[in-house]
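Shown next, in structure tokens, is the structure this report addresses.
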Amino acid sequence: MAHEIKRVPDGFDWPLGVVWFGYLLDPVPCRLCKRDGTSCALCDGEGDIAPRVEVPAGHAYQLWEIVSEGSPVSPAFSSEAELAMWLSRNGPATWRARFTSPEDWLQAIRAMWNPVSSARLTK
């Protein structure tokens with residue numbers, strides 16, 4: 001399962017395991033090609049565009065799964081260290097053998113979040 005660290009607002013409380021609403025919006029007709037799709041780079045020839053509203057940005061750290069549409073796996077924490085501590089006790093079961101201490105998780109968090117490229121780590 002692929003995960004990424006998102007920087008969300010302090011106190012962000014979207015329910016864990018629930019897909020963010022902005023990733024579930026219905027497709028809309030492409031206005032550039034008038035739903036024709038012919039050689040349209042905007043809709044990739046599909047005729048429809050799937051709108052997407054990203055999670056609001058902030059200073060807190062939160063682990064998200066990104067294999068499905070995307071949902072939070074952890075609460076939001078004000079520091080990487082707090083998130084690492086929580087994940088060392090509650091992290092995804094498939095990762096517990098690989099990351100056994102808060103220090104292991106802190107390294108994983110830093111690998112999953114890159115302020116420039118939003119790097120992702122895959123299990």
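Please indicate, with yes or no, whether at least one residue in region 7-19 is touching a Ser or Thr at 6+ places or on another chain (Cβ under 6 Å), in a loop (DSSP other than H, G, I, E, B) and of a type in the set (A, V, I, L, M, F, W, C). Yes: region 7-19 contains one or more residues that are touching a Ser or Thr at 6+ places or on another chain (Cβ under 6 Å), in a loop (DSSP other than H, G, I, E, B) and of a type in the set (A, V, I, L, M, F, W, C).
Determine whether Glu54 is among the acidic types (Asp, Glu) and either under 30 Å from Ser101 (Cβ atoms) or surrounded by 12 or more Cβ atoms within 10 Å (Cβ to Cβ) (or both). Spelling it out, it is not the case that Glu54 is among the acidic types (Asp, Glu) and either under 30 Å from Ser101 (Cβ atoms) or surrounded by 12 or more Cβ atoms within 10 Å (Cβ to Cβ) (or both). Just to be sure, is Gly11 at pLDDT 90 or above, of a type outside the set (Lys, Arg), on the phi > 0 side of the Ramachandran plot and surrounded by fewer than 13 Cβ atoms within 10 Å (Cβ to Cβ)? Yes.
What about Ile66, is it β-branched (Val, Ile, Thr) and either at pLDDT 90 or above or not assigned by TED's automatic domain parsing to the domain that holds Gly11 (or both)? Before you say what the answer is, go through the steps one by one.
On the way: β-branched (Val, Ile, Thr): yes; either at pLDDT 90 or above or not assigned by TED's automatic domain parsing to the domain that holds Gly11 (or both): no.
So Ile66 fails the test.
Of the residues Val55, Val8, Val18, Val73, which single one is in contact with a Lys or Arg (Cβ under 6 Å, 6 or more places away or on another chain) and in contact (Cβ under 8 Å) with a residue 40 or more places away in the chain? Write out each step before concluding.
Values: Val8 fails: in contact with a Lys or Arg (Cβ under 6 Å, 6 or more places away or on another chain); Val18 fails: in contact with a Lys or Arg (Cβ under 6 Å, 6 or more places away or on another chain); Val73 fails: in contact with a Lys or Arg (Cβ under 6 Å, 6 or more places away or on another chain).
Unique residue meeting the criteria: Val55.
The values are calculated or read from the model by the stated rules, or taken from the named source; none is laboratory data. Predicted model only: the values in this text are computed from it and were never measured. Here Cβ is always computed from backbone atoms with ideal geometry, including for glycine, and neighbour counts include all displayed protein chains.
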